[in-house]
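These notes are about the structure you will find just below.
The values are calculated or read from the model by the stated rules, or taken from the named source; none is laboratory data. Please read these numbers as outputs of a predicted model, since none were measured by experiment. Cβ sites come from the backbone with ideal geometry, for glycine too, and all protein chains shown count toward neighbours.
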Amino acid sequence: MSSTAEHTAVEEALRHIKPSVRALGAYTLRPYEPRIKLNQNESPYDVPAALKARILKVAAERPWNRYPPFVAHNFIGAVAEATGWPSGGILVANGSNELIQAALAVTVGPGVSVVIPEPTFTLYRLMTEVNGGEVVSVPLDGELRFDVDAVVHAAQRTDAAVVVLCSPNNPTGAALARDEIQRVHDATGALILLDQAYVEFGGYDALPLLDEHPRLVLLRTFSKAMALAGLRAGYLLAHPNLVTEINKAKLPYNINFFSEIAAAEVLRHRQLLAPQVNTIREERDRLHAALAEMPAVRVFASAANFVLLRVAEHRTVFQRLLDEHGILVRDVSGYPMLEGCLRVNAGSPEENDAFLAALHAILEPQ
Ligand SMILES: *Cc1c(COP(=O)(O)O)cnc(C)c1O
């Protein structure tokens with residue numbers, strides 16, 4: 001094809017993409033290969049070797065030519081045991097992002113309002129807009145805490161179908177208290193999509209609220225505290241009648257048997273991961289305290305496994321950390337309200353020492 005003919009043909013094809021989608025930017029992450037990786041909020045610790053060996057053994061014994069079971073009984077059973085929630089109210093998936101997508105697919109369409117406190121995880125907005133819905137953005141307050149009154153008012157004013165809450169929030173680290181979650185649920189008619197990807201590190205765990213709050217939908221992941229980011233596993237808890245509906249937007253066999261086995265085993269043996277999670281929490285606090293001592297840094301309170309900080313010339317700081325020290329952090333300065341901000345997850349104690357020393361050298365050269 002000549003390049004003009006090809007161009008015309010491609011334009012013909014693109015004509016069928018929804019204008020609202022063409023106007024969006026995709027969720028992306030630039031690839032780097034740093035010495036110290038503190039940019040994706042992953043666990044710095046791998047799954048313990050004995051547990052890994054067990055997972056590999058179970059997976060090796062299973063026939064790989066057969067589809068996984070239609071319902072992921074093993075994984076769902078492990079979630080039911082761990083949470084005490086009935087299996088009919090549990091959906092599992094290839095990462096919790098997939099369940100955010102499914103929950104928004106069955107609720108959002110043109111003319112439907114979704115209240116999203118921002119800045120937050122960008123996928124909520126992206127999925128709302130792909131589905132043609134209206135994002136009703138509610139800014140965090142000046143200290144980057146949730147403005148719960150404003151969230152409630154926005155949901156009431158727009159008769160929102162969904163309020164998305166991320167607690168602890170990514171990328172700020174702020175968490176909601178029990179009564180705040182209850183208030184958003186009780187004062188609105190919306191589904192409350194509560195993403196608790198970081199709750200093992202702090203903040204109120206809303207599991208006990210599920211029973212008496214039928215519009216609450218809880219999301220959990222294995223990508224952070226559970227050290228399985230590479231295998232992609234997550235779950236959703238809600239009233240079984242809601243789960244029946246959300247399930248309709250989930251692809252069949254969405255979770256492969258290997259991830260299913262790994263997630264179930266890790267969940268059943270999560271006490272083996274508890275020391276790691278404790279260390280990460282302590283290291284988060286140590287990072288916060290050390291950063292608070294640096295006059296050139298503003299650091300925000302965090303209940304997650306990362307901290308958000310603001311520095312002058314953040315782009316130079318980001319680049320020098322990478323080029324001179326091999327340390328990759330996340331530049332989140334493009335989010336609303338986060339000018340000059342970087343997000344840094346707690347790594348191992350040695351990695352955090354290296355980060356603090358590097359930042360000190362960059363900001364306060366002798
Ligand atoms: C990391 C993260 C997740 C996890 O997504 P997975 O698809 O389970 O890896 C979900 N929500 C937020 C806000 C996150 O930061």
Checklist entry - Among all residue pairs at least 6 apart or on different chains, which show Cβ distances below 9 Å where the first residue, located in region 1-26, is under 30 Å from Y335 (Cβ atoms) and the second is among the aliphatic types (A, V, I, L, M)? => result K18/V130; S20/V130; V21/V130; R22/L14; L24/L126; L24/V130; G25/L126; A26/L126
Next on the checklist: I'd like the residue in region 193-246 that is of a type in the set (V, I, T) and within 15 Å of the ligand (Cβ to nearest atom) and, out of all such residues, is surrounded by the most Cβ atoms within 10 Å (Cβ to Cβ).
Outcome noted: V217
Checklist entry - Mind checking which pairs have a first residue in region 187-205 that is on the phi > 0 side of the Ramachandran plot and a second that is surrounded by fewer than 23 Cβ atoms within 10 Å (Cβ to Cβ) and part of a loop (DSSP other than H, G, I, E, B), Cβ under 8 Å, 6 or more apart or different chains? => result G202/A303; G203/A303
Item to check | Residue among G347, G334 that alone is under 28 Å from G234 (Cα atoms) and crowded, with 18+ Cβ neighbours inside 10 Å | outcome: G347
Checklist entry - Of all residues in region 295-324, which are β-branched (V, I, T) and either crowded, with 17+ Cβ neighbours inside 10 Å or in a strand (DSSP E or B) (or both)? => result V297, V299, V307, V311, V317
Next on the checklist: Among the residues that make up region 48-63, is at least one of them under 30 Å from G132 (Cα atoms) and either under 26 Å from the mean Cα position of the chain (by Cα) or outside the structural domain of G133 (by TED's automatic domain parsing) (or both)?
Outcome noted: no
Next on the checklist: Regarding region 34-43, can at least one residue be identified that is farther than 30 Å from D323 by Cα, within 16 Å of the ligand (Cβ to nearest atom) and either in a loop (DSSP other than H, G, I, E, B) or hydrophobic (A, V, I, L, M, F, W, C) (or both)?
Outcome noted: no
